[in-house]
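Since the structure comes first, as structure tokens, the remarks are kept for the end.
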Amino acid sequence: MTYATMALELARQVAESQAEPVGRAAGALVGALRAGGVVNAFGSGHSEAIAMEIAGRAGGLVPSNRLSPRDLVLYGGEPPGVLTSELERDPAIAHRIYALAPVDPRDAFVLISSSGVNGAVVELASLVKERGHPLIAITSVRHSSRMTSRHPSGGKLLDLADVVLDNGAPYGDAVLELPGGETYGAVSTITSALLAQLMVTETVERLVALGETPPVYLSANVIGGDEHNRALENRYAGRIRR
């Protein structure tokens, strides 16, 4: 079976199996947005790509922020050398990332981590719940269930979330096997991006059904896109970072 065949089949399965939790996630985002909140999306490593699908994306929601370990450098004054591959395992950085963000009590959070066990994402999830924010997780239930938490509490992202969106990725992420037993061809980015877009599009559709005009980005590469986007961003001055 080819990689394309397997990835497309998994995407179909995820879209079908996650329809109900996607609906609950969209409901949480609609509630936050209608209350004046924004959507804060966090991912580290490859999961940063999924946070980018949610925040600042053409066709996506204007009231959104992308949080990341890079914030320690961009907004916190840390030297670039702190951005090592081990940083996402440090629970302490979650408090810095949260404190550096323009967070409001009305905000909702989407945390993305396929393994769901690293210290930073678990600590951030704990902090988000302590502060009373709705929390949506995009993770791999199969992978996370086989992992030991790297957080001192022993908890995982899926233990803390109000809504878990399962990206269906296998343990180890890759779906094709080499003769020696190793695997290649990761799929979590594909299915996680699909879940992110399903959640965002259903949120937009629900806002329309409520008679509201959703604050949605146009592509900056179409005529009038910049003007449209700046006008919407001005509504959320001080609440979103670009």
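Which of the helices (runs of 4 or more DSSP H) found entirely inside segment 68-155 contain at least 2 residues meeting this: open to solvent by 20 Å² or more (accessible area, probe 1.4 Å), under 20 Å from Asn40 (Cα atoms) and out of contact with any strand residue (DSSP E or B) (no Cβ under 8 Å at 6 or more places or on another chain)?
Fully inside segment 68-155 and qualifying: 71-74, 92-100, 119-130.
(1) open to solvent by less than 30 Å² (accessible area, probe 1.4 Å); (2) part of a loop (DSSP other than H, G, I, E, B); (3) hydrophobic (A, V, I, L, M, F, W, C): which one isn't true of Ile223, the others all being true?
Of the numbered conditions (1) open to solvent by less than 30 Å² (accessible area, probe 1.4 Å); (2) part of a loop (DSSP other than H, G, I, E, B); (3) hydrophobic (A, V, I, L, M, F, W, C), the odd one out for Ile223 is (1).
Is it true that some residue in segment 149-157 is within 25 Å of Gly37 (Cβ to Cβ) and within 16 Å of the chain's Cα centre (by Cα)?
Checked segment 149-157: at least one residue is within 25 Å of Gly37 (Cβ to Cβ) and within 16 Å of the chain's Cα centre (by Cα).
List, please: which pairs have Cβ atoms under 7 Å, are six or more places apart or on different chains, and start with a residue in segment 220-242 that is touching a residue at least 40 places away in the same chain (Cβ under 8 Å) and end with one that is assigned to a helix (DSSP H, G or I)?
Hits for this filter: Ala220/Asp226; Ala220/Asn229; Ile240/Glu233; Arg242/Glu233.
For residues that are part of a loop (DSSP other than H, G, I, E, B) and in contact with a Ser or Thr (Cβ under 6 Å, 6 or more places away or on another chain), scanning just segment 156-203, find the one that is surrounded by the fewest Cβ atoms within 10 Å (Cβ to Cβ).
Filtering first and then ranking leaves Gly172.
Which of the residues that make up segment 205-214 are open to solvent by 30 Å² or more (accessible area, probe 1.4 Å) and part of a helix (DSSP H, G or I)?
Scanning segment 205-214 gives Glu205, Arg206, Val208, Ala209.
Out of Ser126, Ser144, Ser113, Ser140, report the one residue that is within 21 Å of Thr84 (Cα to Cα) and either acidic (Asp, Glu) or touching a Gly at 6+ places or on another chain (Cβ under 9 Å) (or both).
Of the residues listed, the single one that is within 21 Å of Thr84 (Cα to Cα) and either acidic (Asp, Glu) or touching a Gly at 6+ places or on another chain (Cβ under 9 Å) (or both) is Ser113.
It is to be established whether one or more residues within segment 76-87 are in contact with a Ser or Thr (Cβ under 8 Å, 6 or more places away or on another chain), farther than 17 Å from Arg241 by Cβ and modelled with pLDDT under 95.
yes
Considering Ala26, Ala49, Ala15, which residue is closer than 29 Å to Leu232 by Cβ, part of a helix (DSSP H, G or I), open to solvent by less than 10 Å² (accessible area, probe 1.4 Å) and in contact (Cβ under 8 Å) with a residue 60 or more places away in the chain?
None of the other options fit; the residue is Ala26.
The values are calculated or read from the model by the stated rules, or taken from the named source; none is laboratory data. Computed from a prediction, not measured in an experiment: that's the story for all the values here. Glycine gets a Cβ as well: all are built from the backbone with ideal geometry, and neighbour counts include every protein chain shown. Keep in mind that these areas ignore ligands, DNA and RNA; they rest on the heavy atoms of the full protein, side chains included. Shrake-Rupley method; radii C 1.70, N 1.55, O 1.52, S 1.80 Å.
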